[in-house]
Amino acid sequence: MPVAGTVAWWSPDPRGVIPLDGLIVSRSLRQACRRYEIRFSTAFGEVMAACADPGRPGAWIDRQVRHAYQRLHELGWAHSVEVWGPGNRLVGGLYGVAIGGFFAGESMFHHQRDASKVALVALVEAMRASEACLLDVQWLTPHLASLGAVAVSRARYHEVLKAAVQLPQMQLVAS
């Protein structure tokens with residue numbers, strides 16, 4: 001059990017992943033994708049701040065975590081997918097770490113309906129275009145399962161992870 005004030009590391013077994021060819025995009029989500037502009041890593045700090053909102057249920061992103069991911073971003077490892085709405089307003093997004101063909105999604109947020117899902121669709125499209133192969137979402141929740149996430153054993157996860165990190169670094173750009 002983690003002690004308050006310490007940073008914990010989680011390695012769930014089974015692990016939640018979204019197969020890049022298995023993302024479920026409903027008709028309404030496809031329509032939502034057309035309403036927004038997608039950008040990558042242009043507002044990393046703002047995405048982190050929105051994900052770290054202490055008013056969110058299950059808030060876990062504290063100052064230390066934000067600082068660590070900001071540093072990873074400065075070093076080119078952490079990235080954000082941003083969903084921009086009318087008035088050039090950030091309305092949703094996600095962030096995580098990319099290594100080779102692997103992206104570890106850490107957290108997502110939305111201020112408008114479906115905006116976080118739109119970010120996920122954009123991430124999967126960018127990963128496919130880069131020939132990446134592993135999108136890690138950590139836990140298989142009912143929400144993520146509805147989008148196509150599946151559970152994989154730790155042994156299988158480690159096999160796929162080993163191959164994914166050896167791929168060329170993915171390029172996260174809007175298509």
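Only the coordinates and a few stated rules stand behind these numbers; no lab work does. Since the model is a prediction, treat every value here as computed from it, not as a measurement. Every residue, glycine as well, gets a Cβ built from its backbone with ideal geometry; the counts of neighbours run over all protein chains shown.
Using 14 Å as the cut-off for backbone N distance, which residues of segment 64-104 belong to the label zone defined by a point 7 Å from the Cα of His111 along Cα→Cβ?
Of the residues in segment 64-104, 82-94 have backbone N under 14 Å from the label point off His111.
Considering only Glu82, Glu37, Glu159, give the residue with the highest GNM mean-square fluctuation for the chain, with springs between Cα atoms whenever their separation is below 10 Å.
Evaluated over the chain, the most mobile residue of the options is Glu159.
Rounding to the nearest 20 debye, state how big the charge dipole of the chain is about its Cα centre with +1 on each Lys and Arg Cβ and -1 on each Asp and Glu Cβ.
320 debye
In whole percent, what relative contact order does segment 65-167 give with Cα contacts below 8 Å and a gap of six or more residues?
Taking the mean separation of contacting Cα pairs over the length of segment 65-167, I get 23 percent.
Over the chain, what is the mean sequence separation of C-alpha contacts under 8 Å (at least six apart), divided by residue count, expressed as relative contact order in percent?
Computed over the chain, the figure is 32 percent.
Would segment 126-175 count as rounded, prolate or oblate if I go by the C-alpha gyration tensor, calling it rounded below 1.5 in a/c and otherwise prolate when a/b exceeds b/c, oblate otherwise?
Oblate.
Could you identify which residue out of Val160, Val137, Val83 has the top mean-square fluctuation in a GNM of the chain using Cα springs shorter than 10 Å?
Val160
With a/c under 1.5 counting as rounded, go ahead and sort segment 20-82 into rounded, prolate or oblate using the C-alpha gyration tensor (a ≥ b ≥ c being the square roots of the eigenvalues; past the cut-off, prolate if a/b is larger than b/c, else oblate).
The shape class here is prolate.
Suppose the chain between Gln70 and Glu46 were pulled fully straight at 0.36 nm per residue; how much longer would it get relative to their current alpha carbon spacing?
7.6 nm
Relative contact order, percent, of segment 127-175 when contacts are C-alpha pairs under 8 Å separated by at least 6 residues?
Taking the mean separation of contacting Cα pairs over the length of segment 127-175, I get 58 percent.
Between Gly55, Gly100, Gly85, find the one with the highest GNM mean-square fluctuation for the chain; connect C-alpha pairs within less than 10 Å.
Looking only at Gly55, Gly100, Gly85, the biggest GNM fluctuation is shown by Gly55.
For segment 86-175, would you read off the P(r) tail past 22 Å as a percentage of all alpha carbon pairs?
29 percent
Hey, of [x] 16.5, 52; [y] 17.2, 59; [z] 15.5, 46, which did the structure itself give for Rg and Dmax of the Cα atoms in Å when calculated?
[z]
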